[in-house]
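Worksheet: the structure to be examined is printed underneath.
The values are calculated or read from the model by the stated rules, or taken from the named source; none is laboratory data. Because the structure is predicted, anything quoted here is derived from the model rather than measured. Cβ: placed from backbone, ideal geometry, glycine included. Neighbour counts: every protein chain shown.
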Amino acid sequence: MTDEPRDNPEDEFRDMLREFLSGNSSVDPGQLAGAAGLPNDPATIAALVSQLQNALRDGDGGINWKLALDQATQTAAPATLDVTDEQRAAMGQAFHIAALWLNEVTYVTDITTEPRLISRTEWIRETMPLWTQLAEPVATSIADSLTRVLTEQAPEEFQGMIAGASQLMRSLGGTLFAMQLGQVVSQLSTEVVSGGDIGIPLLDEQQAALIPQNVDEFGNGLDIPADQVQIYLAIRELAHARLFKHSRWLRLHLISSITEYARGISIDTARLEELAENFDPSNPEELRQAVVSGALIPEKNEAQLQALGRLETILALIEGWVDVVTAQASERLPKSDAVAETVRRRRASGGPAESAFATLVGLELRPRRLREAAALWQAVTDAVGSEARDALWSHPDLLPTSDDLDDPQALVARLTIVAEGGEPELDEMDQALEDLLRDDGGERPTEAR
């Protein structure tokens with residue numbers, strides 16, 4: 001007598017789980033690749049199966065982030081071009097010119113290491129440590145919640161087996177998440193043109209770098225001489241690197257703010273329970289979409305909204321400052337406005353950071369107040385000069401606030417009074433500002449060069 005076919009997804013899930021944990025899984029590896037958001041090609045599927053077997057054998061509940069690096073580099077390698085001697089000569093010259101022009105308009109500390117030209121795979125290797133640091137809180141939260149929900153949803157006869165296999169299940173989930181991260185970072189390596197392209201310093205704070213292959217692709221079809229594109233992007237990258245070198249507190253402050261926010265993210269267990277109850281192993285797309293789209297992350301609470309507001313403000317201030325300084329330093333380039341407009345359009349369409357952070361950390365880090373921040377920095381520059389402007393980056397308490405973005409003239413008025421030797425009514429922040437802008441003799445700051 002033949003068994004009657006079963007259409008109940010819960011029964012299929014039970015059978016899949018039993019087979020999977022016993023090592024006799026009949027699950028199509030292509031389905032697992034789809035659940036991880038990976039290409040359904042033989043090489044990728046073979047690598048996925050191998051990694052899952054390792055997780056089954058060695059799983060301790062942790063996430064093996066080396067998988068993310070391996071996945072990203074293997075995916076990016078076939079389309080990665082090495083840096084040519086011609087590119088080294090042209091972009092080395094671009095960095096040299098950029099440094100000279102920046103010296104004329106900024107007072108932030110110069111970097112002490114030579115700018116670099118790197119390939120896509122080099123960018124992946126050198127930025128992956130930070131990507132994993134930013135992604136880990138959410139990855140851990142999802143893995144813990146998924147394990148808990150699956151344990152609670154499992155039939156009573158499987159409770160003991162599931163409970164004993166919780167670390168194994170976390171390892172399997174971590175494997176899929178790490179490989180998904182690798183896929184995202186691989187895609188990013190084709191989009192970014194420099195180390196600071198997404199706003200935060202993915203490379204060391206003293207390092208500036210361009211990716212010549214992507215710089216060339218950025219300039220294709222723009223009807224702008226290649227050397228002008230290279231110089232403009234070199235100016236932006238050097239300005240970004242110099243800012244983080246000058247404000248040594250900034251990188252740690254920014255990254256800590258992001259990771260602390262991510263640790264506060266909870267997972268929508270009701271949504272997870274719904275997915276577990278209705279999971280169809282022949283169609284893992286719904287589960288994949290829930291994980292990678294942020295659908296498992298519920299609406300932000302008040303504390304998270306405040307933290308997000310602070311993050312958006314600091315990111316806007318960074319990008320706005322870079323925009324203003326780059327515009328000053330690139331005035332000699334006939335096509336600088338055209339390159340700047342291309343950068344703005346690229347950023348307005350989402351930029352390389354948005355999808356990555358929204359997926360991995362639950363944050364959309366497009367600086368929505370960038371225009372206001374750039375206008376503020378320009379107003380400060382016009383009023384008190386570049387030196388006083390750049391001095392505001394010396395300490396986090398001196399930076400403009402969200403209120404200053406709303407009313408930049410109030411900040412300009414305070415700075416002008418201090419610069420002219422007046423005595424404004426000082427709160428704690430203003431007192432620190434006055435102490436910074438004045439020397440011991442009470443002299444006005446030197447005008448910008």
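Observations, loosely collected:
- Considered as a group, the residues in region 363-399 that are in contact with a Phe, Trp or Tyr (Cβ under 9 Å, 6 or more places away or on another chain), under 28 Å from ARG346 (Cβ atoms) and surrounded by fewer than 20 Cβ atoms within 10 Å (Cβ to Cβ) include one that is modelled with the lowest pLDDT, and that residue is GLU364.
Results for (1) of a type in the set (Phe, Trp, Tyr); (2) at pLDDT below 90; (3) within 21 Å of the chain's Cα centre (by Cα); (4) closer than 30 Å to ASP382 by Cα, shown as yes or no for each residue.
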| position | (1), (2), (3), (4) |
| --- | --- |
| ASN40 | no, yes, no, no |
| PRO78 | no, no, no, no |
| GLN87 | no, no, no, no |
| ALA98 | no, no, no, yes |
| THR113 | no, no, no, no |
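- Test for THR106: is it over 25 Å from the mean Cα position of the chain (by Cα) and under 20 Å from SER330 (Cβ atoms): yes
- Single residue of region 339-354 satisfying the filter (modelled with pLDDT under 65 and at negative phi) that is surrounded by the most Cβ atoms within 10 Å (Cβ to Cβ): ALA353
- Listing of helices (runs of 4 or more DSSP H) fully contained in region 213-327 that carry 1 or more residues being modelled with pLDDT of 95 or more and surrounded by fewer than 23 Cβ atoms within 10 Å (Cβ to Cβ): 226-246
- Matching residues in region 81-107 - criterion: being assigned to a loop (DSSP other than H, G, I, E, B) and touching a residue at least 60 places away in the same chain (Cβ under 8 Å): LEU81, VAL83, THR84, THR106, TYR107
For every residue, the table says whether it meets (1) touching a residue at least 60 places away in the same chain (Cβ under 8 Å); (2) under 17 Å from VAL343 (Cβ atoms).
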position	(1), (2)
THR175	yes, no
VAL184	yes, no
VAL193	no, yes
LEU203	yes, no
PHE244	no, no
LEU250	yes, no
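- Filtered residues of region 121-137 (kept if among the aliphatic types (A, V, I, L, M) and at pLDDT 95 or above): ILE124
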